[in-house]
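Just below is one structure, and these are the notes that go with it.
The values are calculated or read from the model by the stated rules, or taken from the named source; none is laboratory data. Predicted, not measured: the structure shown is a model, and the values here were computed from it. Positions of Cβ are generated from backbone atoms using ideal geometry, with glycine treated the same way; all protein chains shown enter the neighbour counts.
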Amino acid sequence: MSKVSESADRAENFSDMPDAQGHFGIYGGMFVAETLMAPLLELRQAYEKYKDDSEFLAELDYDLKHFVGRPSPLYFAKSWSEKLGGARVYFKREDLNHTGAHKINNTVGQALLANRMGKKRVIAETGAGQHGVATATVAARLNMECVVYMGAEDIKRQAINVYRMRLLGAEVVPVESGSKTLKDALNEAMRDWVTNVDDTFYIIGTVAGPHPYPAMVRDFQAIIGRETREQVMSMEGRLPDALVACVGGGSNAIGLFHPFLQDSDVAIYGVEAAGDGLESGHHAAPLCAGKPGVLHGNRTYLMEDGDGQIIETHSISAGLDYPGVGPEHSWLKDIGRAQYVAVSDEEALTAFHDVTRSEGIMPALESSHALAYVAKLAPTMAKDQVIVVNMSGRGDKDIHTVAALEGISV
Amino acid sequence: MSRIKACFDSLKQRNRTALIPYIMAGDPEPGVTVALMHAMVEAGADLIELGVPFSDPMADGPVIQAASERALEHHIGLRTVIDMVRNFRQQDSTTPVVLMGYLNPLEVMGYAPFAAAAAEAGVDGVLTVDIPPEESHDLIEMLHQHGLDPIYLIAPTSTSARIQSICANASGFVYYVSLKGVTGAANLQVQAVEDKLKEIRTYTDLPLGVGFGISDAERAAQVSQSADAVVVGSAIIKRIAANITDQTAISAEVTSLLRSMRQAMDS
Ligand SMILES: Cc1ncc(COP(=O)(O)O)c(C=O)c1O
């Protein structure tokens, strides 16, 4: 533990992290079966090579601008801010990206890398279906074969996204093992990868998994925070007082947070899914209520029982329904640079309706968790203070879930 | 001398390839396991790999995943598995037992308490699927302190540099994963396995076991030409799965499979 706190004193470490083996303090690393070590080392090498390659970066920039639609706007939520009666709240509009969420920032990057590495087949896991759609989208464009693994439970609650993936030409494989949700989809994607290592590129959808994924996905998502920095400087003339983002695996959150980590005056809040409430045990909040362990290739906070078995999670939002979290968040929690909180299904739904009615923007249920925390935080702050919240995705995919809760069938 | 080394030394003298069955502890229910271990020894098993159930067995195919789920219905955890080995040792003090599973149960129990309890109960080796040598310094140290052999996997994708560093850390035996895939897959290529074993032998004198995808007596016999040990998992567990409610039938079918493999390997 002393290693962790020492490194916290050295601010430049935020950009030096992780180390060459993918460690963020005691977290992260490469915990996979031997068969996958060679492809992971190959990927690490390719990523190291291309991440500073000007041609690669120019192509990425071009795609982000013309295909994804970046930069995404920073929007002042005037009427909701007034209602909350405290800080000025800005939305970083990742919901306006092509395919409706931040996930595409990462899939565009990884697909370009896959292409450079000569891989003709991509696979992905998905929970809410947003990452699956974002992967199917880039695969269609680059003419790559695409297989998406999705828990059978999630297939039921995200039917629209399943159909979108199929329209895009992807094969969607239902996963019937374990809890039939995101973690099991990830297991199944790993099994596919280990079987087809020669021609397959695994596009992981969040900052979890073995090194180099947590660092690589963070770097592809950090465009969110870099743009936010410029935009808030030009709109407010200063840095924000607080950043807020929901945390499933943690990619939209780290994307927003990372370019601000060295700015110690900027408070950082990651919002996990408390489901029926942290006390109920039915939640998906490993950072708030879990313990460190090893799953899916890295050491991180997990929801597990006394035998080390991973326990089932619960959240109204499929994209947050994951028992682990990216290792960098575990490290940021331990060194105290970010605070992690949780909001319940009910609080998220209230925020979903409030923001939809007061701003004319319908947030994804995942993003609604971040908004629900803003609804608590903003009133405690002064009227000249500034919060930026990541509107990580749009709510169209969730209207069936919301309608069903209100007893309406659409 | 460790039980594993003694076992392989004696097999070598008799010019015999080890037969290593793998079963999941607590599958289909806890009462079956220890009796089945004894029956397998009786039928010709030289060493036993005992699976530790895990909720997320990423390297396993559907057959072993299902075995893990059946065992977890009975809440079989690492401590219970260690107790089963202690129980087994009351009647069998020579057959080596290797625990095979995933890292998280060891992380939660703690490496030191785990190694102490396992050694005390009569466990001989520990194969943790998801910990490559890069991450395993602390675990190896703890296992060695308690006289346990860390068993390592080598894969078809392992480069010669990796094979070298894995062999430097290993003791007991080295486990070659015969194919790119999960346990129980069907794409085993005997010639490719032979070639890789030759390469591995240039880096180590440790016995080489081969597993993943050995489904019948014929394959076992083919692989035993070049390997020092043949590991059979999914083929056994299929027979358990087909007889879930009938302990006598499980024992009969599993031992008959092992006898046929033993016979094919020895002839
Ligand atoms: C809109 C949206 N936000 C957030 C998430 C959670 O993922 P992460 O924590 O990696 O951003 C998802 C995942 O599907 C999502 O679709």
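Listed conditions (1) within 14 Å of chain B (Cβ to nearest Cβ); (2) more than 13 Å from the ligand (Cβ to nearest atom) are all met by residue A:240, apart from (1).
Do you know which residues across the stretch A:179-221 are of a type in the set (Gly, Ala, Ser) and more than 13 Å from the ligand (Cβ to nearest atom)?
Step one: list which residues in the stretch A:179-221 are of a type in the set (Gly, Ala, Ser), which gives A:179, A:185, A:189, A:205, A:208-209, A:215.
If the condition is that a residue be of a type in the set (Gly, Ala, Ser) and more than 13 Å from the ligand (Cβ to nearest atom), then A:179, A:189, A:215 are the ones that fit.
Please work out if residue A:140 is more than 13 Å from the ligand (Cβ to nearest atom), under 21 Å from residue A:191 (Cα atoms) and in a helix (DSSP H, G or I). Considered against the rule, which asks whether it is more than 13 Å from the ligand (Cβ to nearest atom), under 21 Å from residue A:191 (Cα atoms) and in a helix (DSSP H, G or I), residue A:140 comes out as no.
With B:163, B:154 as the choices, which residue is within 22 Å of residue B:52 (Cβ to Cβ) and modelled with pLDDT of 95 or more? Steps first, please.
On the way: B:163 fails: within 22 Å of residue B:52 (Cβ to Cβ).
Unique residue meeting the criteria: B:154.
When the residues of the stretch A:387-401 are filtered to those that are modelled with pLDDT under 95 and closer than 9 Å to residue A:362 by Cβ, the one that is farthest from the ligand (Cβ to nearest atom) is A:399. Of all the listed residues (A:125, A:94), the sole one being within 14 Å of chain B (Cβ to nearest Cβ), within 16 Å of the ligand (Cβ to nearest atom) and in contact with a helix residue (DSSP H, G or I) (Cβ under 7 Å, 6 or more places away or on another chain) is A:125. Within this structure, residue B:212 fails the test of being modelled with pLDDT of 95 or more and buried (at least 24 other Cβ atoms within 10 Å of the Cβ).
Annotation note: Cβ proximity below 6 Å between a residue of the stretch A:389-402 that is closer than 14 Å to residue A:96 by Cα and a residue that is hydroxyl-bearing (Ser, Thr, Tyr) and within 12 Å of the ligand (Cβ to nearest atom) (sequence gap 6+ or interchain) occurs for A:391/A:367; A:392/A:367; A:393/A:367. The condition (being closer than 22 Å to residue B:173 by Cβ and modelled with pLDDT of 95 or more) is satisfied by just one residue among B:39, B:35, B:25: B:25. Condition first: within 13 Å of the ligand (Cβ to nearest atom) and in a strand (DSSP E or B). Can you find one or more residues in the stretch A:159-175 that meet it? Looking for residues that are within 13 Å of the ligand (Cβ to nearest atom) and in a strand (DSSP E or B), one finds none in the stretch A:159-175, hence no. Checking the stretch B:200-209 against the condition returns a match, with at least one residue being more than 11 Å from chain A (Cβ to nearest Cβ), under 17 Å from the mean Cα position of the chain (by Cα) and in a strand (DSSP E or B).
Taking the criterion of being among the small types (Gly, Ala, Ser) and within 18 Å of the chain's Cα centre (by Cα), the only residue of the stretch A:152-188 that qualifies is A:185.
Specify which of the listed residues (B:24, B:37) is under 29 Å from residue B:187 (Cβ atoms), more than 12 Å from every other protein chain (Cβ to nearest Cβ) and buried (at least 21 other Cβ atoms within 10 Å of the Cβ).
Values: B:37 fails: under 29 Å from residue B:187 (Cβ atoms).
None of the other options fit; the residue is B:24.
Going through (1) closer than 21 Å to residue B:135 by Cβ; (2) buried (at least 21 other Cβ atoms within 10 Å of the Cβ); (3) out of contact with any Gly (no Cβ under 9 Å at 6 or more places or on another chain) one by one, residue B:193 falls short only on (1). Might you check whether a residue that is within 14 Å of another protein chain (Cβ to nearest Cβ) and among the acidic types (Asp, Glu) occurs anywhere in the stretch A:145-166? No, the stretch A:145-166 contains no residue that is within 14 Å of another protein chain (Cβ to nearest Cβ) and among the acidic types (Asp, Glu).
If we keep just the residues of the stretch A:192-214 that are buried (at least 24 other Cβ atoms within 10 Å of the Cβ) and in a helix (DSSP H, G or I), which is nearest to the other protein chains (Cβ to nearest Cβ)? Looking at the filtered set, the residue picked out is A:194. Against the test of being modelled with pLDDT of 95 or more, more than 14 Å from chain A (Cβ to nearest Cβ) and either within 15 Å of the chain's Cα centre (by Cα) or surrounded by 23 or more Cβ atoms within 10 Å (Cβ to Cβ) (or both), the options B:64, B:48, B:76 yield a single qualifying residue, B:48.
Matching residues to (1) within 14 Å of chain B (Cβ to nearest Cβ); (2) more than 22 Å from residue A:387 (Cα to Cα):
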| position | (1), (2) |
| --- | --- |
| A:250 | no, no |
| A:265 | no, no |
| A:277 | no, yes |
| A:285 | no, yes |
| A:298 | yes, yes |
| A:312 | yes, yes |
| A:339 | no, no |
